[in-house]
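Q: Got a structure for you, written out below as structure tokens; questions coming shortly.
The values are calculated or read from the model by the stated rules, or taken from the named source; none is laboratory data. Since we're looking at a predicted model, the values are computed, not measured. FYI the Cβ positions are ideal-geometry reconstructions off the backbone, even for glycines, and counts take in every protein chain you see. Accessible surface areas use protein heavy atoms only, side chains included; no ligands, DNA or RNA. Shrake-Rupley method; radii C 1.70, N 1.55, O 1.52, S 1.80 Å.
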Amino acid sequence: MKVRNFLQNQVLIFDGAMGTYYANVNDRKCELANLEDPEAILQIHREYIGAGCQALKTNTFSANTLSLNCSFETVEQIIIQGCYLAKQAIGEKEIFLFGDIGPIPTLEPSAEEEYKKIIDVFLSQGIENFIFETFSNIEYFETLSQYIKAKNSNAFLLVEFAVSPEGFTRMGFSGKKLFQQVLEIPQIDAVGFNCFSGAQHLFQYIRQFELKDKLVSIMPNAGYPTVVDNRTFFQNSPDYFADQMKEIAQCGVKILGGCCGTTPAYIQKTAEVLRSFSFQEIRYFHQKPLEKSTPSQQENILFEKIKSGKKIIAVELDPPVDTEISFFMEGAKILKHLGVDAITIADCPIARARVDSSLLACKLKRELDITPIPHMTCRDRNINATKALLLGLNIEGVNNILVVTGDPVPSAERDEIKTIFSFNSSLLANYISTLNESSFQMPFQICGALNVNARNFDHQLQRAQQKIQNGVTMFLTQPILTKEALKNLKKAKEALPAKILGGIIPVVSYRNACFMNNEISGINVSQEIIDRYEGLSKEESAQLAVQISVDIAHKIYDYVDGYYLITPFKRIDIIQQIIYQIKNRTLK
């Protein structure tokens with residue numbers, strides 16, 4: 001019998017978690033156990049079959065070169081052995097076998113080719129049912145589903161996303177949007193959610209969906225995990241889990257199973273509860289999400305000024321490395337007195353700890369009533385920490401933010417300092433844009449960085465277009481100190497439907513010019529400018545810095561919506577003179 005035929009008359013119960021169950025007795029990667037400990041994997045398959053599952057997954061979830069840090073030849077052996085062990089466990093029983101494919105942890109184009117190679121190995125073993133589980137985005141699915149169906153038109157394809165109880169993947173994508181996008185891919189037969197959340201969370205979540213005439217899968221974790229002596233345990237009981245799974249089935253979900261923490265006992269109780277389940281018990285309904293206050297469309301002073309055609313001035317101040325805040329606050333007061341429209345605050349630049357940019361932004365907003373634009377890097381915060389910080393900023397009235405991927409931790413410190421990169425800047429923009437629709441009283445205006453000094457600027461423009469699609473409305477450029485940068489700025493103005501602030505950084509000395517040109521990524525200083533500083537005193541260099549910066553402001557005037565001044569070495573005095581001259585010469 002084919003899976004589609006089976007699902008016309010009854011629900012399909014999958015097995016539970018191979019990984020966490022095997023981890024109870026062994027610390028090695030369970031996929032490697034296909035080769036190194038096959039009897040244990042075979043025994044676990046048999047336990048799930050004995051518990052009453054009707055569909056079995058191959059032990060191949062992490063079988064890819066990146067997750068296992070191995071050659072593809074080893075991956076191929078693991079998949080072949082995984083198929084063999086699952087088939088041996090099934091024997092003559094009427095149980096569906098699914099080739100299990102998990103996410104390859106990279107967004108590089110090479111991942112698509114590896115997925116295809118993995119699929120080919122499964123097809124060579126006679127596998128015609130596939131489960132793609134615990135994914136965080138929709139990338140590759142249209143291409144891969146077409147690839148499989150072209151080779152086996154009878155293949156059954158199930159795609160599952162891992163979402164938090166709030167409905168977002170770890171990369172910040174909305175589970176609802178991913179669900180709808182997959183439904184539009186004709187080659188995919190079923191879609192659903194697994195991992196990350198427990199049964200009660202996914203029950204409440206799936207009730208918000210219209211499920212009639214759709215094949216939907218739900219495979220929750222056993223519950224919330226707890227860690228004891230560096231080992232993960234799930235404390236919910238199999239009876240509670242099974243009761244929740246019946247509630248999920250009564251919503252119209254026809255494919256059910258378990259993820260992390262679900263042992264054979266969980267599947268056995270679920271099978272017992274659903275043994276007499278009838279499709280007549282299904283109660284299709286669409287429950288509206290919990291009422292949230294409608295986001296307030298309060299005026300964003302900064303963007304309203306830009307929309308009116310006026311050019312703005314934003315100045316970047318580096319946050320202090322310690323608790324001595326007086327210079328930062330005095331500098332901000334001076335800038336406000338000069339009529340600066342916004343102050344941008346870097347988020348631990350070059351991956352060295354400084355005062356938190358978001359906390360400083362709130363302080364500026366409260367105490368000086370000046371518009372702050374805190375930078376938010378994708379380094380060091382997971383999705384929970386990111387959302388928590390955004391909620392706090394929104395409450396404080398900070399509604400402009402610059403998203404950047406962030407500098408990596410220097411290699412000499414990587415053994416001591418661990419980093420988190422759950423997003424890149426484009427994905428973070430998408431996440432904030434999605435939250436704008438549901439969570440914030442004042443929607444964030446999302447800014448992005450644009451490197452006009454990039455060697456391949458066409459690629460930069462492509463990335464910028466992607467950021468715009470994900471919600472970025474304004475770009476702050478890297479400093480413009482070469483003719484090539486000016487040329488690229490002109491191209492950006494023509495190509496990008498977004499506002500642009502042109503980056504200007506005063507060069508304060510000959511040594512500073514040489515250092516920036518050779519040591520700082522993303523900044524190029526023309527040889528012509530470098531030569532002008534040679535032999536000058538500190539005072540002469542400061543005067544030249546003002547002159548060059550104002551000249552640059554004049555040259556880029558027609559291609560920007562404002563200026564982004566970067567303060568070097570706390571030289572507020574130089575920034576003051578630049579602002580004064582820009583306002584009187586360029587913006588007059």
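Q: Given the conditions (1) within 23 Å of the chain's Cα centre (by Cα); (2) not in a helix (DSSP H, G or I), which single one is not true for Lys214?
A: (1)
Q: Among the residues of the range 143-170, write down those that are open to solvent by 10 Å² or more (accessible area, probe 1.4 Å), out of contact with any Lys or Arg (no Cβ under 8 Å at 6 or more places or on another chain) and modelled with pLDDT of 95 or more.
A: Hits for the range 143-170 are Thr143, Gln146, Lys149, Ala150, Lys151, Asn152, Ser153.
Q: Oh, and also: What are the pairs, 6+ residues apart or on separate chains, where a residue within the range 458-482 that is surrounded by fewer than 23 Cβ atoms within 10 Å (Cβ to Cβ) has its Cβ under 7 Å from a residue that is in a strand (DSSP E or B) and among the basic types (Lys, Arg)?
A: Close Cβ pairs satisfying both conditions: Thr473/Lys499.
Q: So is Tyr84 buried (at least 17 other Cβ atoms within 10 Å of the Cβ) and among the aromatic types (Phe, Trp, Tyr) or not?
A: no
Q: While we're on this one: For the range 1-55, what are the residues that are touching a residue at least 24 places away in the same chain (Cβ under 8 Å) and acidic (Asp, Glu)?
A: Asp15, Glu31, Glu47
Q: Can you tell me which residue in the range 171-200 is surrounded by the fewest Cβ atoms within 10 Å (Cβ to Cβ), limited to those that are under 24 Å from Met18 (Cβ atoms), among the polar types (S, T, N, Q) and modelled with pLDDT under 95?
A: Gln200
Q: Could I ask something else about it? Output the number of residues of the range 420-474 satisfying the condition of being of a type in the set (Phe, Trp, Tyr) and assigned to a strand (DSSP E or B). Please lay out each step first, then the result.
A: Let us first name the residues in the range 420-474 that are of a type in the set (Phe, Trp, Tyr), namely 421, 423, 431, 440, 444, 457.
So of that shortlist, the ones also assigned to a strand (DSSP E or B) come out as 421.
Residues that pass the stated criteria total 1.
Q: So in the range 15-64, with the set limited to residues that are farther than 14 Å from Leu97 by Cβ, among the acidic types (Asp, Glu) and in contact with a helix residue (DSSP H, G or I) (Cβ under 8 Å, 6 or more places away or on another chain), which one is least open to solvent (accessible area, probe 1.4 Å)?
A: It comes out as Glu31.
Q: Right, here's the next one. Give the range 164-190 a look and list any residue that's in contact with a strand residue (DSSP E or B) (Cβ under 7 Å, 6 or more places away or on another chain), aliphatic (A, V, I, L, M) and farther than 18 Å from Gly258 by Cβ, or say none.
A: Leu178, Val182, Leu183, Ile188
Q: Can you work out which of the residues in the range 239-265 that are in contact with a Lys or Arg (Cβ under 8 Å, 6 or more places away or on another chain) and assigned to a helix (DSSP H, G or I) is surrounded by the most Cβ atoms within 10 Å (Cβ to Cβ)?
A: Filtering the range 239-265 for residues that are in contact with a Lys or Arg (Cβ under 8 Å, 6 or more places away or on another chain) and assigned to a helix (DSSP H, G or I), the one surrounded by the most Cβ atoms within 10 Å (Cβ to Cβ) comes out as Phe241.
Q: Restricting attention to the range 366-410, and to residues there that are charged (D, E, K, R) and surrounded by 18 or more Cβ atoms within 10 Å (Cβ to Cβ), which single residue is modelled with the highest pLDDT?
A: Only one residue tops the list, namely Lys387.
Q: Could you please let me know if Asp356 is open to solvent by 10 Å² or more (accessible area, probe 1.4 Å), at pLDDT 95 or above and among the acidic types (Asp, Glu)? Even if it seems obvious, please write down each step before you answer.
A: On the way: open to solvent by 10 Å² or more (accessible area, probe 1.4 Å): yes; at pLDDT 95 or above: no; among the acidic types (Asp, Glu): yes.
No: the conditions fail for Asp356.
Q: Can I ask one more? Within the range 504-524, track down each residue that is closer than 9 Å to Leu481 by Cβ and open to solvent by less than 10 Å² (accessible area, probe 1.4 Å).
A: Taking the range 504-524 first, the residues closer than 9 Å to Leu481 by Cβ are 504-505, 507, 513, 516-517, 523-524.
Scanning the range 504-524 gives Ile504, Val507, Ala513, Met516.
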